[in-house]
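Student: Got a structure for you, written out below as structure tokens; questions coming shortly.
The values are calculated or read from the model by the stated rules, or taken from the named source; none is laboratory data. Since we're looking at a predicted model, the values are computed, not measured. When we count neighbours, we look across all protein chains shown, and the Cβ atoms used for this are built from the backbone with ideal geometry, even at glycine. Side chains included, ligands, DNA and RNA excluded: accessible areas come from the protein's heavy atoms. Shrake-Rupley method; radii C 1.70, N 1.55, O 1.52, S 1.80 Å.
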Amino acid sequence: MGAPFDISYVFSFLPKLFGTLGTTLLIVGGSLLAGIIVGFLVALPRLYKIPVLKTCSEIYISFFRGTPILIQLFLFYYGLPEILKLINIDMTRTPVLVFVILTYGLHTGAYMSEMIRAAVQAVDKGQVEAAYATGMTAFQAFRRIVLPQALGIAVPVFSNLVIALLKDTSLAFTLGVMEMTGKAQTLGTLTQHFIETYIALALIYLVISFTIEKLLLVAERRLLRHEKQTATERKAFRINKSWSYRRIIAELGPGKGGAGL
């Protein structure tokens, strides 16, 4: 049993946990960067249906989506150095943070690839064909037509991935990384105020997740503002069209030629 609950410890633990926030954000940022690059490279063979690479991409995605992140951390931290020893590469002095970011990056890349593939395929193919008809190259059509729309479609999913990654970083302490969860575990052990420690930790995660969600929501609205403009124009067109019909009906009413027929 721990010490009796004392709310004052929650406020005293907050600044101590904030001291390790940089490590947590470093893991999130590094993993996102690696995940976006890997996800894009893995998504291409599936988008363009390249035979052998498409199969390799599917195996990669199945492994990282079908196994727990904790198992992946152990496999890369303990298994990768042993494999590289076979080709005379020594990784015994490599910082554990490198293995953590590598694992989270590959794990995130599997989900990123699915997000990219789904977002690109959601863009109307007729727009791409129209771009080709106007003389655009494949790269120009992708950059000017597909990419802006795909980004807007992908932002909600990307927001969920970032928040999930932030929460998954809490498992990095199992390898000895002193991020926020590891610090909370240490504080709880030293003071025996475990409940207060984890309340403070939950508050920090909640604030960060809420901030990320709101920032990405703003980005989503900016990326999709053209769709809102189009919807407004269509609504205005329907209203004008409705008024035109009413005007025609009024003009064709009694005394406007109907009585003489």
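Student: Write down the radius of gyration of the chain and its Dmax, each obtained from C-alpha positions, in Å.
Tutor: Using the Cα atoms of the chain, the pair Rg, Dmax is 27.4, 102 Å.
Student: Using 0.36 nm times the number of residues separating Tyr60 and Leu84, minus their current alpha carbon distance, what extension gain do you get?
Tutor: Additional length available on full extension: 6.7 nm.
Student: Simple spin-label model, 7 Å along Cα-to-Cβ: Phe5 to Gln121 in nm?
Tutor: So the label points at Phe5 and Gln121 sit 4.9 nm apart.
Student: For Lys49 and Thr211, what is the calculated FRET efficiency with R₀ set at 35 Å and r taken between the beta-carbons, to the nearest 0.05?
Tutor: Approximately 0.35, to the nearest 0.05.
Student: Sorted by mean Cβ packing within 10 Å, highest first, what order do the peptides 28-35, 217-224 take?
Tutor: Output ranking for 28-35, 217-224: 28-35, 217-224.
Student: What is the set of long-range amide H partners of His193 at a cut-off below 5 Å, with H atoms built 1.01 Å from backbone N?
Tutor: Under 5 Å from the amide H of His193 lie the amide H atoms of Ala3, each far enough along the sequence or on another chain.
Student: Could you tell me which of Gln149, Gly135, Gln121 has its Cα farthest along the dipole of the stretch 1-159 towards the positive end, charges placed at Cβ (Lys, Arg +1; Asp, Glu -1), taken about the Cα centre?
Tutor: Result: Gly135.
Student: Using the Cα centre of the chain as the reference point, and only Cβ charges (+1 on K/R, -1 on D/E), how large is the resulting charge dipole? Debye, rounded to the nearest 20.
Tutor: 1360
Student: Place a +1 charge on the Cβ of each Lys and Arg in the stretch 9-158 and a -1 charge on the Cβ of each Asp and Glu, then give the dipole magnitude about the Cα centre in debye, rounded to the nearest 20.
Tutor: Dipole magnitude for the stretch 9-158 comes out near 100 debye.
Student: Quick one: what are the phi-derived ³J(HN,Hα) couplings along the stretch 217-222, Karplus 6.51/-1.76/1.60 with θ = phi - 60°, whole Hz, x for glycine and proline?
Tutor: Coupling constants for the stretch 217-222: 5, 4, 4, 4, 5, 5 Hz.
Student: Report in % the part of the accessible area of the chain that belongs to carbon and sulfur, leaving out ligands and nucleic acids; probe 1.4 Å.
Tutor: Its accessible area is 68 percent carbon and sulfur atoms.
Student: Could you size up the charge dipole of the stretch 81-156 around its Cα centre, putting +1 on the beta carbon of Lys and Arg and -1 on that of Asp and Glu, and report it in debye to the nearest 20?
Tutor: Magnitude of the dipole: close to 140 debye.
Student: For the stretch 138-197, just list the percent of Cα-Cα distances falling in each 5 Å bin from zero outward, please.
Tutor: It works out to 4, 16, 14, 12, 11, 9, 8, 8, 7, 5, 4, 2, 0, in whole percents.
Student: Across the stretch 208-215, in residue order, what do the Karplus-derived ³J(HN,Hα) couplings come to in whole Hz, using 6.51 cos²θ - 1.76 cosθ + 1.60 with θ = phi - 60° and x for Gly and Pro?
Tutor: 5, 4, 5, 5, 4, 4, 5, 5
Student: Let me ask you something else. Could you check the simple spin-label distance between Leu26 and Tyr132, using points 7 Å along Cα→Cβ, in nm with one decimal?
Tutor: If labels sit at Leu26 and Tyr132, their model points lie 4.8 nm apart.
Student: Say we join alpha carbon atoms closer than 10 Å with springs in a Gaussian network model of the chain; which of Val155, Val52, Val100 then has the biggest fluctuation?
Tutor: Maximum among the listed residues: Val52.
Student: Here's another thing I want to ask about it. Would you give the gap between the C-alpha center of the stretch 120-142 and the C-alpha center of the stretch 62-93, rounded to a whole Å?
Tutor: If we compute the Cα centre of each part, the gap is 41 Å.
Student: Then there is this: Determine the shape class of the stretch 65-213: with a ≥ b ≥ c the square roots of the Cα gyration tensor eigenvalues, call it rounded for a/c under 1.5, and otherwise prolate if a/b is greater than b/c, oblate otherwise.
Tutor: oblate
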